[in-house]
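Colleague: Would you mind keeping the following structure in view while I ask a few things?
The values are calculated or read from the model by the stated rules, or taken from the named source; none is laboratory data. The model shown is predicted, which means the values in this text are computed figures rather than measured ones. Cβ: placed from backbone, ideal geometry, glycine included. Neighbour counts: every protein chain shown. Accessible surface is based on the protein model in full, side chains and every heavy atom, while ligands, DNA and RNA are left aside. Shrake-Rupley method; radii C 1.70, N 1.55, O 1.52, S 1.80 Å.
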Amino acid sequence: MTLRKFAGLGALLSFVTPGLAMAEEAAAPVLNSGDTAWMLTATILVLFMTIPGLALFYGGMVRSKNILSVMMQCFAITGLISILWVIYGYSIAFDTTGMEQGVVNFSSFVGGLNKAFLAGVTPDSLTGLFPEAVFITFQMTFAIITPALIVGAFAERMKFSAMLIFMGVWFTLVYAPIAHMVWSGDGGLMWDWGVLDFAGGTVVHINAGIAGLVACLVLGKRKGFPTTPMAPHNLGYTLMGAAMLWVGWFGFNAGSAIAANGTAGMAMLVTQIATAAAALGWMFAEWITHGKPSALGIASGVVAGLVAITPAAGTVGPMGALVIGLAAGVVCFFCATTLKRKMGYDDSLDAFGVHGIGGILGAILTGVFAAPALGGFGTVTDIGAQVWIQLKGVGFTVIYTAIVTFIILKVLDAVMGLRVSEEEEAVGLDLAQHNERGYNL
């Protein structure tokens, strides 16, 4: 999912024959209505994943006194990141000024500001064969959902004001630079390493999952955790949200082909296969371990599969997707239950257990199943070498995100405080932070 704009040789037209000039003109990019229609649709689907999908998925899992706070955070993040994206986010993520393949410089880590305030973007600007305005909006929806995923780790205890500032700073210092390093093209740090991340395993899921883990550790456990029961108050909302995420994810993964083509079609197929396998994997693992399968479990398995297939969607084949999905369902189940209990951290809605672990697992297995020898469609000829590259990408993302997220949170905590008071937490964030109730009976 990269920005590839091929400029014509307009400066040389005055020196070539009229026939060559006509050929050059004919080769200039022309808007393709099929690609445009698909990318418009994919963009809507990805936005649908956050509002209402993620808002409902998370909203149903918290206690009834906090449902509005979680939904409010998803909506507020959608508004905030949309504005920051057009002011400077798109530019620092995708401006390629100063980048050169094989050369590591400042531009390898973060883009410039040549596209700030969307300078130069017109209705005629193209990315590939569709409008650049559509690409900007499509990428905006990725930038929106990534910080929104972090909400699940610190749900029910963070100040709304601190959350807004944290998300704005985190987007600027973590999301946009990681997106640039992975997706901006030749000269980008992880792009030049050869890291395979089709639709956001590192950029979105590892990024959000690690940030969520750091956030829940810095804020501390919810009052009463783990001895006080904190059961989801409306699993119907959670199942509806999971269904919306499942449907919307086709825009996420198939849309990352940046065209209506065979890659998009295969991405759609492998996404469905991996998600189904993960849902069943989590369900049966829970059934065997706890004696009964749960609705929350299968919903969580769905998301785990969607997460794990994301980096691989453009390069793995159907059987590779089956293995990735099954592994994600089982591994994420144990990490969100057994590991969390043993480690004692309060990742409220399992942002790390599902997105962090699922993203790491998917990124590594991409290096295996992208190989044509295992039914993949990538260019991997040496599986061991590609797995090492994937591990480097995972390691860099984990370390960078953890350190910068920790610094942001500690500074904000010192300046304004991150956490609501014990009294506000007991009352619930709906009333304490927004003076509203989700349910007025």
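Colleague: Consider Ala231 carefully, then state whether it is assigned to a loop (DSSP other than H, G, I, E, B) and over 20 Å from the mean Cα position of the chain (by Cα). Write out each step before concluding.
Modeller: Details: assigned to a loop (DSSP other than H, G, I, E, B): yes; over 20 Å from the mean Cα position of the chain (by Cα): yes.
Answer is yes for this residue.
Colleague: To continue, here is another question. Which one is surrounded by the most Cβ atoms within 10 Å (Cβ to Cβ), of the residues in segment 388-409 that are free of Cβ contacts under 8 Å to residues at least 40 places away in the same chain and within 21 Å of the chain's Cα centre (by Cα)?
Modeller: By that ranking, first place goes to Leu391.
Colleague: When you look at Leu126, is it in contact (Cβ under 8 Å) with a residue 60 or more places away in the chain and either within 17 Å of Val182 (Cα to Cα) or surrounded by 13 or more Cβ atoms within 10 Å (Cβ to Cβ) (or both), yes or no? Give the steps one after another, and end with the answer.
Modeller: Numbers: in contact (Cβ under 8 Å) with a residue 60 or more places away in the chain: yes; either within 17 Å of Val182 (Cα to Cα) or surrounded by 13 or more Cβ atoms within 10 Å (Cβ to Cβ) (or both): yes.
Criteria met by Leu126.
Colleague: For segment 366-386, enumerate the residues that are of a type in the set (A, V, I, L, M), closer than 13 Å to Val195 by Cα and open to solvent by less than 30 Å² (accessible area, probe 1.4 Å).
Modeller: Result: Ala370, Val380.
Colleague: Let me ask something else about it. For Val169, indicate whether it is open to solvent by 20 Å² or more (accessible area, probe 1.4 Å), assigned to a helix (DSSP H, G or I), in contact (Cβ under 8 Å) with a residue 40 or more places away in the chain and hydrophobic (A, V, I, L, M, F, W, C). Outline the logic, then answer.
Modeller: On the way: open to solvent by 20 Å² or more (accessible area, probe 1.4 Å): yes; assigned to a helix (DSSP H, G or I): yes; in contact (Cβ under 8 Å) with a residue 40 or more places away in the chain: yes; hydrophobic (A, V, I, L, M, F, W, C): yes.
When the stated conditions are applied, Val169 passes them.
Colleague: Anything in segment 108-123 that is outside any loop (DSSP other than H, G, I, E, B) and open to solvent by 60 Å² or more (accessible area, probe 1.4 Å)? List them, or say none.
Modeller: Matches in segment 108-123: Phe117 only.
Colleague: Just the residues that are in a helix (DSSP H, G or I) and open to solvent by 40 Å² or more (accessible area, probe 1.4 Å), please, taken from segment 234-264.
Modeller: Leu235, Tyr237, Leu239, Met240, Ala243, Met244, Trp246, Val247, Gly262, Thr263
Colleague: Within segment 300-318, can you find the residues that are surrounded by 24 or more Cβ atoms within 10 Å (Cβ to Cβ) and farther than 17 Å from His205 by Cα? I'd like the intermediate steps shown before the answer.
Modeller: Pass one, segment 300-318, residues surrounded by 24 or more Cβ atoms within 10 Å (Cβ to Cβ): 300-316.
Residues satisfying the conditions are Thr315, Val316.
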